[in-house]
Amino acid sequence: MSDLEVVILRGVPGSGKSTFARKLAPREHICEADEFMVNKDGEYDFNPKRLGYCHDQCFEKFKRLLVLGTLTVVVSNTNTTNKEMKPFVKLSEAMGYKVTFLIVENRHGNKSVHDVPDDKLQIMRDRFQISL
């Protein structure tokens, strides 16, 4: 059995995905669209117009890590729907990686550092799909 593993973290903003991801792997082995929302001063700067670009860059980093044979790669995006996860799963399996899914819940009542409005958080919760 292969030691290659992809861990896909799922949860709404503020649930603690990024914090938990850093417990599983070094930052350079974590793929998050948010890391591409950082401005030239190194500050997080959410811009909804850049979401597509940021997710594309996240997937490109993911592909590079798998091609390099990185033992553990963590994907830490909201991953609320099967459609969002499918490209990661498909490539992982094609490259011989075992895929593990973990749902990170916001039971601690943390507020999102991304200033996502409550109505948008509820939309994400409502579309959250449990199985792939």
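Since every read-out is calculated from the coordinates, none of them should be taken as a lab result. Please read these numbers as outputs of a predicted model, since none were measured by experiment. Neighbour counts run over all protein chains shown; Cβ positions are idealised from the backbone, glycine included.
Looking only at segment 40-87, which residues are in a loop (DSSP other than H, G, I, E, B) and out of contact with any strand residue (DSSP E or B) (no Cβ under 9 Å at 6 or more places or on another chain)?
K40, D41, G42, E43, F46, N47, L68, G69, T70, T81
Give me a count of the residues in segment 2-27 that are surrounded by fewer than 18 Cβ atoms within 10 Å (Cβ to Cβ), in a loop (DSSP other than H, G, I, E, B), touching a residue at least 12 places away in the same chain (Cβ under 8 Å) and not small (G, A, S).
Number of matching residues: 2.
Considering only segment 28-39, state which residues are in a strand (DSSP E or B) and either under 19 Å from M85 (Cα atoms) or in contact with a Gly (Cβ under 6 Å, 6 or more places away or on another chain) (or both). Before the answer, list the steps.
Taking segment 28-39 as the starting set, the residues that turn out to be in a strand (DSSP E or B) are 30-31, 38.
Listed by number, the residues that qualify are I30, C31.
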